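The values are calculated or read from the model by the stated rules, or taken from the named source; none is laboratory data. Everything quoted here is computed from the prediction, not taken from an experiment. Cβ placement follows ideal geometry from the backbone for every residue including glycine, while neighbour counts extend to all protein chains displayed. Only protein heavy atoms, including side chains, enter the accessible area calculation; ligands, DNA and RNA are left aside. Shrake-Rupley method; radii C 1.70, N 1.55, O 1.52, S 1.80 Å.
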Amino acid sequence: METFGQKFKRVTISALLQIAGFAQRNFLMVGFIAATLLIELTGVAVTSGKFYMTQPWLFFTFVAILCLISLYLPGHTPRFILFIVALSVHVVLDLIFIIVYDSTGTIFDYAMLNLRTDAMMIAESVPISFTYTFVSVLILALYCTLGAYYKKRVPAGSYKRVAVIVTSSLLTAVIAVDAFVIYFTNARKRSNDLSYKLSQTETGTYSNKGIIGNLADELAYGLWFSDIDVGDRNELEQFIYRNTTEQTAMFGEASGYNVVTVLCESFEWFTFLADAERYPNGYAKHLLPIVDEDGEQLPAAFDEQSLSEALHELYPNLYRFYESDSTVILNNSHALEKTDISENKSIIGNYPLYEYINYAYPENTIPYSMPNIMKSLFDVESNSFHNGYKTFYNRNVHHTHALGFNSYTASEDMDYKTDDTGSLGERNLDSEMIEMCKERMFPTDRRFNTFITTITQHGQYAYRDNLQPYYEKMDELGILPYIEGDGNNNALRYYCAAGMDFDKAIGIMLDYLDENGLADKTLITLFGDHNSYYQGVSNYAKNIYSYSADNYSALYRVPVMIRVGNKSLGNPTIEKFTCLVDIYPTVLDLLGVYTFKNLTYGVSAFSPESSILYSRAYDKFLTDKIYFNSLSNIIYSAPDVNDEYIENIKSRAITLLDKISHVNRLFAADFFSGDGATTFYTRLKSIQDP
């Protein structure tokens, strides 16, 4: 009699022989599964650094569907063609989303479809991943070669009708389960309760669902789950007007002033400052001994005094602003967004989740925007300027409708001799924009509110003809010389040369304000919209390349400087954590304007409270001590972070998420349209000091 062990051995061998036989008869299918999985995992690896997927079910469902289709095709040749086409499409799709990730640092979300035109307008240097391209093309070529060889030598498998029916039924069940999973995971993304974000399992990378799985999930979300539940409008109104902002010690210090806000594209402190601790690969390199070709150590090119003098010569106007007795330095401010979101946050103090408002809500009524508040309270005209295309980010509609600017002036409206907006690798000069538009930006016959968005420091960072005079000045002083083959050094050189033109632009602005008696009564804010992530310039200058760095959050530390006319303030420095949503309440605080606290994600920089940063673009929370997707996925924490700090962060994050959920509803309902705006302005005026 056959023992259990013998029976198990016989059944196992039989099963293995059947599997081997199936694999031999269906070598095209088996090869396709292996090839497409390797291609997907390569894409995941080059974007997330992980060679696995934690939720691969959607990806495998698409693979199974293609395998099922192949069962209905007669013979090897049509199946071979199907799998080659599928692999080719897979390679191209993954490459597209890898390029998007390498360009932006973010995975695909459905709302990005609104940005497709803008993406083409700035596609100047597409960062194609060599590793992914090489590996995926090699896999595809290997599949084509081996498939063509063996399909002539291995008989085509025949499929019984029953097997096809059973396989189809099983796959239908799998698809139904996947549909249920998609519904369940997306249905919990409730617009009126975002607290799930503190416990979500998503990491914001493709290591969750893979590139193809994420695409399917985002398309499903966008098509069927993206509607915002406005809910109880009375509760929404009560929430808006529940709390008002408080006075700080600086409240009203700029009462009656003009307002100028300058968003400088990719502006960082190391544009003009030398700090060996914070920017070891920046200008501080010039303080290190030089090693010549023979290995001999020579004295450093500069000492601290001579380096400071050289930088003051290169950036006289930024130092003039930075060192002014009237300037407040926000020395611990951070940004983790793209330009359009940072711009809006500085103008309206908030931003909804799930949508890009320049496209989704360009004609909404936003009575609490800075231009609309200045108009309603002080009858001040507001104007916006940008030396890029007028349609970029749909600003020509969004700025003059939703944000309430009286006009929006773009490069097409400026008298550039050579408009470099669309030139490969080139950028219009900020200095030329300020020179051409200064009379409109800073009128002498009325109070004004002017918003300026610059472009010269926008990446990519390569040689530009219109910056040649700045390269020559740097070489004359021996600052960041060009080094053959050193991509990091040269990208930083080109970046800092672009900063010299921004410096010139600031000088033109300050001189004009001084010459026309406007400086005493003008509040000026300069800030960087995000770090200089193009070509990893920020990583290089700060020597921060991984989450394990003790100062990882410093990667997103950007300048914010506020000059309060010519008041003698002692050049104060604010060291508490701030972020770009704090600019809006800080400017209103200085102007002596109370507003409604629940509409602002941040607080005045002069308040004892501190904000927490939530990034719409990256789905991350950030302070100067912690960086996370959720409290179950803390990516970075400083050495001194303890349980008490995390509990405090959790409390602040819940408060912020509650505000975001209400702002979602405000935008979706266009809550302030019609009588809503009138009510807002009435209530706004009622809370101001008589």
Revision key, fill the gap. Cross-link reach from K151 to lysines, straight Cα distance under 24 Å and at least 8 residues apart if same chain, gives K160
**Study point:** Protection proxy ranking, peptides 567-577, 469-479, average beta carbon neighbours within 10 Å, highest first
**Key:** 469-479, 567-577
Review point. Using the heavy atoms of the protein chains alone and a 1.4 angstrom probe, what is the accessible area of the chain per residue in square angstrom?
Key: 43
Check your understanding: What is the packing order of peptides 131-139, 405-413, taking the mean over residues of other C-beta atoms within 10 Å and listing the highest first?
Key -> 405-413, 131-139
Point to revise | Dipole in debye (nearest 20) - the chain, about Cα centre, beta carbon charges: Lys, Arg +1; Asp, Glu -1 | key: 4160
Review point. Any idea which of Q688, T391, L298 is furthest toward the positive side of the dipole for the chain, if Lys and Arg beta-carbons carry +1 and Asp and Glu beta-carbons -1?
Key: T391
Exercise for review: First select every other residue whose beta carbon is under 15 angstrom from the beta carbon of S306; then total the charges, Lys and Arg +1, Asp and Glu -1.
Suggested key: -4
Study note, to complete from the structure: the range 345-494: antiparallel bridges as % of DSSP beta bridges, rounded to 5, reads 0
Exercise for review: Excluding residues fewer than 8 places away in the same chain, name every one of the aspartates and glutamates whose C-alpha is closer than 12 Å to that of K285.
Suggested key: D275, E277, D303, E304
Revision key, fill the gap. With a 1.4 angstrom probe the carbon and sulfur portion of accessible area for the chain, in percent, totals 57
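Given the -39500 (n - 2.57) contribution per DSSP H run of 4+ residues, what per-residue ellipticity at 222 nm results for the chain, rounded to the nearest 500 deg cm²/dmol? All intermediate terms of the calculation are to be shown ahead of the outcome.
On the way: 22 runs with 315 residues, N = 690.
After summing the helix terms and dividing by the residues of the chain, the value is -15000 deg cm²/dmol.
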Review point. Under 18 Å from a point 7 Å along the Cα-to-Cβ line of V397: which residues of the range 642-683 have their amide N that close?
Key: 667-671, 673
**Study point:** Over 21 Å between alpha carbons, listed pairs K375/K576; K345/K576; K542/K625; K345/K567
**Key:** K375/K576; K345/K567
Check your understanding: In the chain, what percentage of the DSSP-assigned beta bridges are antiparallel, given to the nearest 5?
Key -> 45
Study note, to complete from the structure: The answer for N543, listing residues at least 5 apart or on another chain whose modeled amide H is closer than 5 Å to its amide H, is N281
Exercise for review: For the chain, return all DSSP H helices satisfying: extent of Cα atoms along own axis at least 27 Å; mean Kyte-Doolittle hydropathy at least 1.0.
Suggested key: 27-48, 76-104, 130-150, 161-187
Exercise for review: Could you pull out every one of the aspartates and glutamates with an alpha carbon less than 15 Å from that of K209, ignoring same-chain neighbours closer than 8 positions?
Suggested key: E40, D94, D109, D178, D217, E218
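At a 1.4 Å probe radius, which order do D109, D624 fall into by accessible area, largest first?
Solvent-accessible surface, decreasing: D624, D109.
Starting from 0.36 nm per residue, how many nanometres of slack lie between N543 and Q305 once their C-alpha separation is accounted for?
This chain segment gains 83.3 nm when fully extended.
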